[in-house]
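To start, the structure under review is shown below, and the notes come after it.
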Amino acid sequence: MQTRQTSSMNPNRQFEILSRDTLYQGFFSLLGIRCRHTLFKGGWSAVLQRELFQRGDCVAVIPYDPLRDEVVLIEQFRVGALRPDENPWLIEIVAGAIEEGEEADAVARRETHEEAGCEILDLRRIQDFYTSPGGSSEKITLYLAIVDCANVGGVHGLEEEHEDILVRAVPFAETMTLVEQGAVVSAIPLVGLQWLALHREGLRREAARR
């Protein structure tokens with residue numbers, strides 16, 4: 001039995017994993033989990049049987065040039081958006097998987113170079129968050145990367161990973177118009193760009209003082 005205590009109003013929450021089985025192993029994996037947990041009203045839940053999409057931990061990076069007030073956005077094909085009458089080429093920010101033995105900071109720097117062709121001048125860790133904890137283990141470490149957008153653009157990505165990534169430096173105002181118009185439909189860039197909207201003025205003041 002595993003016990004977790006947090007700052008919740010109910011600090012004595014507990015859960016028990018009864019079984020964990022690999023149902024599928026491929027590019028991703030699928031686990032079958034039987035578990036139960038304590039209830040807010042007291043006692044224990046019934047045994048829950050769930051399938052868990054095992055994605056692993058990833059990084060996401062907001063490349064931003066505070067002097068030019070530009071955001072580096074990327075666009076690439078996403079199989080998860082293959083639906084009738086929808087566009088599977090999504091507007092996103094830099095992101096990538098953390099492989100075993102890797103540090104998140106190093107992955108953020110590597111992916112920013114590979115996916116966007118940017119060299120990071122300053123890297124700041126923002127926070128961790130789950131993308132879809134109802135059925136996926138994926139946890140994102142979000143970063144801000146201060147970059148110089150003067151020569152940003154073109155098509156990037158690793159050929160051996162079949163990446164075909166269109167990169168653009170987009171003025172902040174235009175970026176937020178895309179968000180407000182619903183053109184950004186992927187959750188990770190929405191989280192990152194809204195964080196940037198909250199902190200942009202402070203970043204610009206800081207850059208101007210340098």
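The values are calculated or read from the model by the stated rules, or taken from the named source; none is laboratory data. Only a predicted model underlies this, so the values are computations on that prediction, with no experimental measurement involved. Don't worry about glycine lacking a Cβ; one is built from the backbone with ideal geometry, like all the others, and counts go over all protein chains shown. Heads up: the accessible areas ignore ligands, DNA and RNA and are worked out on the full protein's heavy atoms, side chains in. Shrake-Rupley method; radii C 1.70, N 1.55, O 1.52, S 1.80 Å.
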When a/c is below 1.5 the answer is rounded, else prolate if a/b is larger than b/c, else oblate, so apply that to the stretch 101-204 with a ≥ b ≥ c taken from the square roots of the Cα gyration tensor eigenvalues.
rounded
Simple spin-label model, 7 Å along Cα-to-Cβ: H199 to T38 in nm?
3.4 nm
For the chain, which semi-axes, largest first and in whole Å, follow from the square roots of 5 times the eigenvalues of its Cα gyration tensor?
35, 21, 16
Looking at the square roots a ≥ b ≥ c of the eigenvalues of the Cα gyration tensor of the stretch 116-157, which shape do they give, rounded for a/c under 1.5, prolate if a/b is larger than b/c, or oblate?
oblate
Pick from L193, L121, L90: which is most flexible by mean-square fluctuation in a GNM of the chain where alpha carbon atoms under 10 Å apart are linked?
L121
Sum up the charges of everything whose Cβ sits under 15 Å from the Cβ of E75, counting Lys and Arg as +1 and Asp and Glu as -1, but leave E75 out.
-4
Note down the magnitude of the dipole of the stretch 88-142 about its Cα centre, charges +1 on Lys and Arg C-beta and -1 on Asp and Glu C-beta and zero elsewhere, to the nearest 20 debye.
220 debye
Size descriptor, Kirkwood hydrodynamic radius, that averages inverse alpha-carbon separations across the stretch 8-92, Å:
17.5 Å
Under the rule of -39500 (n - 2.57) per DSSP H run of 4 or more residues, summed and divided by the residues of the chain, what mean residue ellipticity at 222 nm is obtained, to the nearest 500 deg cm²/dmol?
-7000 deg cm²/dmol
Quick check: from the Cα gyration tensor, does the stretch 40-141 come out rounded (a/c under 1.5), prolate or oblate?
prolate
Net +/- balance of residues flanking R34 in space, Cβ distance below 12 Å, scoring K and R +1, D and E -1
0
What's the magnitude of the charge dipole for the stretch 1-122 around its Cα centre, counting Lys and Arg as +1 and Asp and Glu as -1 at the beta-carbon? Answer in Debye, nearest 20.
1260 debye
Neighbourhood charge, 13 Å Cβ-Cβ cut-off, centred on S45 and excluding it, Lys, Arg +1 and Asp, Glu -1:
+4
Electrostatic dipole magnitude of the chain [Cβ: Lys, Arg +1; Asp, Glu -1; Cα centre; debye, to 20]
1360 debye
Place +1 on the Cβ of every Lys and Arg and -1 on the Cβ of every Asp and Glu in the chain, take the dipole about the Cα centre, and give the residue among P66, N12, I126 whose Cα lies farthest towards its positive end.
N12
Given the chain, longest segment not containing exposed loop GluC sites (Glu not before Pro) (DSSP; at most 13 other Cβ within 10 Å)
120-210
For W195, W44, what's the largest-to-smallest order of accessible area, 1.4 Å probe?
W44, W195
For the chain, set up a GNM with springs between Cα atoms under 10 Å and report which of I165, I17, I62 has the largest fluctuation.
I17
Potential lengthening between A81 and S29 on full extension [0.36 nm per residue; Cα-Cα distance subtracted]
16.8 nm
